[in-house]
Each structure stands twice: as C-alpha cells, then as structure tokens.
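Data first, discussion second: the structure below is written as structure tokens.
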Amino acid sequence: MPGSASDRVTISLRGIGDAVRSAAAGRGLTIAAFAREALVSQLDEAPPLQEIPDAPAPRARGTVKLTWRMDVRAAEVLAANARALGLSYGQYVGYLVSAAPLPAPVAQRAADRAALQASTDHMAVLVREISEILRLARAGRSPEEAKQRTEHVRNLVTDVRRHLDLASSFLSDRGGTP
C-alpha cells in the first residue's frame, strides 16, 4: 500500500506516556521522532533514519494544516476572538504568530464602512452646493449674500476635511482592505 510524506498515526500510550516522554527527552528527541525510531527498528528493511525528516520542509507559499491541543477555555477564547474579527481560526492564529496588527472587529468594520458611505454621499451633496455657490458668485450677488456664501464655503471645507479624515482613518486602519 503506497504511503505519502504526510502519513499520520495517533497512538494511545495506555499509561506509558511519562516513560516515553522521559526516554525521548533523554535522547534529545521529540516524541514523534522517538516513535519513528522505534517503528523503524522493527522493520525488516528499514530506511536510514536520516532520510526520515522530522518535519515537512517549509513551503514558500500556500497553506498547511496544523493540529494542536489547548485548554478548553483558551480554545473558546480563540474561537470567539476569531469570530468577532470575521477570521478563520488559522487566519487569527496567523496574525498572532506574525505579530501583525489584528483587523477591527466585523461589527466595527461594518459601522466604519457605513459611516464612510454616508460621508461620501454627503460629499456628493457638497459638490452640488459648491457648484451653486460658484454660479451665484459669478452672477455678482449682493455683498450680504456673498458674506453668507463665504461662511457656507468655510463650513463645506470643514465637512470635506472631516470626510477625508474619516476615509483615511478607515483605509489606514484596514491596510486598504475593507
């Protein structure tokens, strides 16, 4: 029966776990390497141990499946945190391992996106208002009306700056991804 480089076996040690861990540690081996040595020693035609890698070679890209054991509470926290950020467990752990900044929670990203959309809609209204102000200024209205329009333009500039601050904050916090 042909095997693969990723053959896996789970073994119940039935009470000899401490002895196995101690023996492996005494020989400077992982439990997996120790178990492989024991299995190879029982084969009729055993391959040399140096040809049996302890771990797969690192991949330049792609994904690998990892399995680990952890405390139930820690696993619950991991799952809740990943879910709140809209990430898979693997993506969440990947952020933690690489010390990359975590994305904002899904609810916050949705609220930020909605605020940015509302601000962008407001910008469209401001463009129409600015066009109207310019049209009136070209028409040569009264000084009082010009004063009112000047104040209105100042308010528009404040609104535009607020929009740009909101948009740049949203994009920089997300690394450009929504």
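Quick notes on this one:
Residues are listed down the side, and each one gets a yes or a no for (1) among the hydrophobic types (A, V, I, L, M, F, W, C); (2) closer than 30 Å to Thr63 by Cα; (3) in a helix (DSSP H, G or I):
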position	(1), (2), (3)
Ala84	yes, yes, yes
Leu87	yes, yes, no
Leu96	yes, yes, yes
Gln108	no, yes, yes
Leu116	yes, no, yes
Met123	yes, no, yes
Leu134	yes, no, yes
Glu145	no, no, yes
Arg149	no, no, yes
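- Where a residue in region 14-27 is under 16 Å from Leu39 (Cα atoms) and its partner, wherever it lies, is aliphatic (A, V, I, L, M) and in a loop (DSSP other than H, G, I, E, B), with Cβ under 7 Å and at least six apart: Val20/Leu13
- Positions within region 58-110 being surrounded by 13 or more Cβ atoms within 10 Å (Cβ to Cβ) and β-branched (Val, Ile, Thr), in sequence order: Val93, Val106
- Residues of region 127-157 satisfying the condition of being modelled with pLDDT of 70 or more and either of a type in the set (Lys, Arg) or under 30 Å from Pro103 (Cβ atoms) (or both): Arg128, Arg135, Lys147, Arg149, Arg154
The values are calculated or read from the model by the stated rules, or taken from the named source; none is laboratory data. Bear in mind the structure is a predicted one, so any value in this text is a computation, not a measurement. Every residue, glycine as well, gets a Cβ built from its backbone with ideal geometry; the counts of neighbours run over all protein chains shown.
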